[in-house]
Amino acid sequence: MKNSTLSQRDLSVLWHPCTQMHDHESFPLIPIKSAKGVWLEDFEGNRYLDAISSWWVNLFGHANPDINAALKAQLETLEHVIFAGFTHETAINLAEKLVDLTPAGLSRCFYADNGSSAVEVALKMSFHSWQNQGQTRKTKFITLENSYHGETLGALAVGDVALYKKTYAPLLMDVITVPSPDCYFREKNEAWADYSTRQFAHLDNTLQQYAGEICAVIIEPLVQCAGGMRMYDPIYLTLLRDACHKYNVHLIADEIAVGFGRTGTLFACEQASISPDFLCLSKGLTGGYLPLSAVLTTDAIYDAFYDNYANQKAFLHSHSYTGNALACRAALATLTIFETQHIVDANLLLAAKMTALSKRFIDHAHVSEVRQTGMILAIELVKDKRSRAPYPWQERRGLQVYQYALQKGVLLRPLGNVIYFMPPYVITHEELNVMFDIAWQAITSATQH
């Protein structure tokens, strides 16, 4: 089978996400035949290093033997059952494990299918819990500039990346947006913590003014991923947690992209020693195998819905595949790998290697910043280094990096002109060398004219 044959068949029937399909008239799709570890292989034997963990989901490599074995065992007993009125041991085991691993106070687990759905659940739970408590004025949410929380309508509303949101603005609920703690905009020589603290004043003032109308603040802890891998200091989370307590507002931590070891701790909130009222998890939860998300919340939120049926306080939100047994089993296998192989500690060594390999990019004539939080590293390309003037988006410099790297056997998928690395945790130091060498060549090629 040739790549071109499958690509043409695909284009006659499929519509791909986050893609202008017209591009594939000149830039063919790549059909993948198999994958192992950090490597993808197409139908003509070409291999590609998966430097972005297949959209940030694959933690322990493709065809991981431990997760494979767990799924095979689960297939022999139960694949799925309705989760209303029924339950099963695998879902219970996973919920118990998540309650044990997540920050203190998160004692209830609600399953959904994907990250956007988890955000929808958290938004609805927050709003509905206030309604159930008679706080009917609380109808709004606060979000950060440049934030991203998914692409279903509720999740899209509380995001702030115009590329995804602008077209659908007439369909979306109104939210209050405050300046981001994004440290890319700090003053020269200003510490991350100082800038993040200074930026928090905007949110504190907004809470003081509107607290009686606010259900929750929703935030991506430490890294605004789809917004260009922009990063900030944990002090912002500490201040936010205190303020939410003070003003009686929920805190929703969207760790869909940053959870499960990406930031250097199992969960990003740990770096600020905080517990949110809602913790949204997905992506790496199943090691990249199956769709699953979870919303962890508190007994206080749960109790706001717990009542006699006649009082109509139940949380009526469902997904057909809620608590899917296969997905839950993959997630349990993933968490077992974290525990038995001491992954968070091992990642510190990988992150240090990434830091060392990225140093040569700092002085590149068209790189304004190299930033890193744990296993996430980003390189910001600019037209002019001194002024930080960006390349015009129409030039699609990031796409040129992507195309060059693919030809050399590395899958990078930049966010605009931000080149980032979020590799699987099973990547070796030698594979990191390859990844950064090809990235250097690709960036040099894309910025030399």
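The values are calculated or read from the model by the stated rules, or taken from the named source; none is laboratory data. Fair warning: this is a prediction, and the values are worked out from it, not measured in the lab. Glycine gets a Cβ as well: all are built from the backbone with ideal geometry, and neighbour counts include every protein chain shown. Just the protein is used for accessible areas: all its heavy atoms, side chains included, with ligands, DNA and RNA removed. Shrake-Rupley method; radii C 1.70, N 1.55, O 1.52, S 1.80 Å.
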- Nearest-10 value in Å² for the accessible area of Met21, using the 1.4 Å probe: 40 Å²
- To the nearest 500 deg cm²/dmol, what mean residue ellipticity at 222 nm is calculated for the chain from DSSP H runs of n ≥ 4 alone, each contributing -39,500 (n - 2.57), summed and divided by the residues? -11500 deg cm²/dmol
- Taking each pair of different alpha-carbon atoms in the chain once, compute 1/r for the pair, average those values, and report the inverse of that mean as the Kirkwood hydrodynamic radius in Å to one decimal. 23.0 Å
- At a 1.4 Å probe radius, which order do Ile176, Ile92 fall into by accessible area, largest first? Ile92, Ile176
- Quick one: grab the alpha carbon gyration tensor of the stretch 1-155, order the square roots of its eigenvalues as a ≥ b ≥ c, and give me rounded if a/c is under 1.5, else prolate or oblate depending on whether a/b is larger than b/c. oblate
- With charges only on Cβ, +1 for K and R and -1 for D and E, what is the dipole size of the chain about its Cα centre, in debye, rounded to 20? 820 debye
- Item | Three-way shape label, the stretch 216-331, alpha-carbon gyration tensor, a/c 1.5 | oblate
- Using DSSP loop states and a limit of at most 13 other Cβ atoms within 10 Å to flag GluC sites (Glu not before Pro), what is the longest stretch of the chain containing no flagged site? 191-449
- Kirkwood radius from Cα pairs of the stretch 330-387 plugged into Stokes-Einstein at 4 °C, 1.567 mPa s, gives D in µm²/s equal to 97 µm²/s
- Message: Here is the link list: Lys283/Lys383; Lys97/Lys353; Lys138/Lys283; Lys166/Lys246; Lys140/Lys166; Lys2/Lys33. Which ones come out longer than 22 Å on Cα distance?
- Response: Lys283/Lys383; Lys97/Lys353; Lys138/Lys283; Lys166/Lys246
- To the nearest 10 square angstrom, what accessible area does Asp42 show with a 1.4 Å probe? 0 Å²
- Could you grab the Rg to Rh ratio for the stretch 357-449? Cα atoms only, Kirkwood for Rh. 0.94
- Cα-based Rg and Dmax for the stretch 124-206, in Å, come out at 15.4, 48
- Message: Counting pairwise Cα distances across the stretch 276-367, what percent come out greater than 18 angstrom?
- Response: 68 percent
- Task: Taking all protein chains together and a probe of 1.4 Å, list Thr143, Thr340 from the most accessible to the least accessible.
- Result: Thr340, Thr143
- Hydrophobic long helices for the chain, i.e. whole DSSP H runs reaching 24 angstrom or more by Cα along the axis with Kyte-Doolittle mean at least -1.0, come out as 115-132, 429-447
